[in-house]
Amino acid sequence: MTTTTTLTNTSAETVTRPRPVERLIAGQPTSDGAGVKLTRVLAQPLQRRLDPFLMLDAFGTDNPQDYIGGFPDHPHRGFETVTYMIAGRMRHRDNAGHEGLLQNGGVQWMTAGRGVIHSELPEQEDGRMEGFQLWLNLAAKDKMRAPWYRDIRSAEIPEFTTAGGVKVRAIAGRSHGIDGAMQREVTEPLYLDLEIPAGASFTQALPPSRNAFVYVYRGGLQIGGTQVPVQRMAILKNDADSDGVVLQAFAATRALLIAGKPLGEPIAQYGPFVMNTNDEIFEAVNDYQSGNFAATK
């Protein structure tokens, strides 16, 4: 962990009816941008099941040829992107005037809203680049809001250690009495990066209505009766009487725990545009092609 913000006024979370695993998902290798190699963990067929989350990409390589092209100018409309950098340096620029440098342990939180055109380009020519990009949907009433952007430095992300020795980085939501770096009222996302020693466990309370999943990127976990190996996503079952999740590490483990309040709205996606209807998608494409994509409305 690179952050120096360590919090001690935590409160234990009690879970008496933990959620089991519904199913395990293996991500699919793909490429995006200018040939950046990545693994698509949460893909389009899972969007309704994991509403409000639309996509999760994991990337990690020591080979510059896998990432050097980066992601040149490209558009987004109708959702938020959350990029979490474990290692490496990536420069963000967009046509709304935002610019920032995403570095080790930092997060870039961008609301595309009615439209933004941005680039994400490596500021390194060698070394390791590793991280994740999560797409978080916006409610219909918010899809055409003004674009917004925040760079969250590593030191700004609250970090605490549980009595069991689990190191927690609270990127969004609330865990063990600690507020994360970001809060969202409608989707109420929880986004935790966990470092769990071998043999230790982590408990997180979760309302039964929240869709939730765990992605293991180092080591391995036991969730109920299911082993979750490295590079697997465990979708947690939505049980009406469940009150949270218990993660037990059978090896030194790093994992993401992500949960959110479903929007329950129609999802229409065409590439980088996510709206509620096909007509809105046609409008997004026309706006982009006509040069009015990010115009003020």
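Quick one: would you say Asp287 is open to solvent by 80 Å² or more (accessible area, probe 1.4 Å) and either among the aromatic types (Phe, Trp, Tyr) or over 30 Å from Ala198 (Cβ atoms) (or both)?
no
Scanning for something closer than 26 Å to Asp94 by Cα and of a type outside the set (Gly, Ala, Ser), does the stretch 233-241 turn up at least one residue?
no
Just to be sure before I move on: is Ile258 at pLDDT 95 or above and farther than 21 Å from Leu56 by Cα in the structure I sent?
no
Checking the conditions here, which among Gly199, Gly180, Gly173 is farther than 25 Å from Glu80 by Cβ and either buried (at least 20 other Cβ atoms within 10 Å of the Cβ) or of a type outside the set (Asp, Glu) (or both)? Don't jump to the end; show me each part of the working.
Numbers: Gly180 fails: farther than 25 Å from Glu80 by Cβ; Gly173 fails: farther than 25 Å from Glu80 by Cβ.
Only one candidate qualifies: Gly199.
Only residues that are over 30 Å from Phe282 (Cα atoms), of a type outside the set (Gly, Ala, Ser) and either in contact with a helix residue (DSSP H, G or I) (Cβ under 7 Å, 6 or more places away or on another chain) or crowded, with 17+ Cβ neighbours inside 10 Å (or both): list them for the stretch 249-268, please.
We begin by selecting, within the stretch 249-268, every residue over 30 Å from Phe282 (Cα atoms); these are 249-259.
Restricting the remaining residues to those that are of a type outside the set (Gly, Ala, Ser) gives 250, 253-254, 256-258.
Result: Thr253, Arg254, Leu256, Leu257, Ile258.
Would you kindly identify the strands (runs of 3 or more DSSP E) lying entirely within the stretch 95-169 that contain at least 2 residues that are open to solvent by 10 Å² or more (accessible area, probe 1.4 Å)? Full working, then the answer.
Working: elements: 99-102, 107-111, 116-122, 129-137, 148-152, 159-161.
Ranges flagged: 99-102, 116-122, 129-137, 148-152, 159-161.
Residue by residue through the stretch 68-110, note down the ones that are within 13 Å of the chain's Cα centre (by Cα) and among the β-branched types (Val, Ile, Thr).
Our first condition is that a residue be within 13 Å of the chain's Cα centre (by Cα); within the stretch 68-110, this holds for 79-86, 106-110.
The answer is Thr81, Val82, Thr83, Ile86, Val107.
Which ones in the stretch 250-297 are under 30 Å from Glu130 (Cβ atoms), of a type outside the set (A, V, I, L, M, F, W, C) and assigned to a loop (DSSP other than H, G, I, E, B)?
Lys261, Pro262, Gly271, Pro272 - these are the residues of the stretch 250-297 that are under 30 Å from Glu130 (Cβ atoms), of a type outside the set (A, V, I, L, M, F, W, C) and assigned to a loop (DSSP other than H, G, I, E, B).
Starting from the stretch 273-288, keep only residues that are at pLDDT 95 or above, then list their pairs with residues that are small (Gly, Ala, Ser) and open to solvent by 20 Å² or more (accessible area, probe 1.4 Å) whose Cβ atoms are within a distance under 6 Å, requiring at least 6 positions of separation or different chains.
These pairs meet every condition: Asn276/Ala140.
Could you tell me which numbered condition Asp241 fails, if it satisfies all but one of (1) closer than 30 Å to Ile281 by Cβ; (2) open to solvent by 50 Å² or more (accessible area, probe 1.4 Å); (3) modelled with pLDDT under 95?
(1)
Inspect the stretch 200-212 for any residue being small (Gly, Ala, Ser) and at positive phi and give the result as yes or no.
Within the stretch 200-212, the subset small (Gly, Ala, Ser) is 200-201, 205, 209, 212.
Filter once more, keeping what is at positive phi: none.
No, that holds for no residue.
What's the number of the only condition in (1) under 30 Å from Gly115 (Cβ atoms); (2) part of a strand (DSSP E or B); (3) among the small types (Gly, Ala, Ser) that Ala234 fails to meet?
(1)
Can you find even one residue in the stretch 75-84 that is within 20 Å of Val285 (Cβ to Cβ), outside any strand (DSSP E or B) and not basic (Lys, Arg)?
Looking for residues that are within 20 Å of Val285 (Cβ to Cβ), outside any strand (DSSP E or B) and not basic (Lys, Arg), one finds at least one in the stretch 75-84, hence yes.
Just the residues that are of a type in the set (D, E, K, R) and under 25 Å from Ala181 (Cβ atoms), please, taken from the stretch 67-76. Before you say what the answer is, go through the steps one by one.
Keep residues of the stretch 67-76 that are of a type in the set (D, E, K, R), which gives 73.
Selection gives nothing.
The values are calculated or read from the model by the stated rules, or taken from the named source; none is laboratory data. Because the structure is a prediction, the values reported are computed rather than measured. Positions of Cβ are generated from backbone atoms using ideal geometry, with glycine treated the same way; all protein chains shown enter the neighbour counts. Surface accessibility is based on the protein's heavy atoms, side chains included, excluding ligands, DNA and RNA. Shrake-Rupley method; radii C 1.70, N 1.55, O 1.52, S 1.80 Å.
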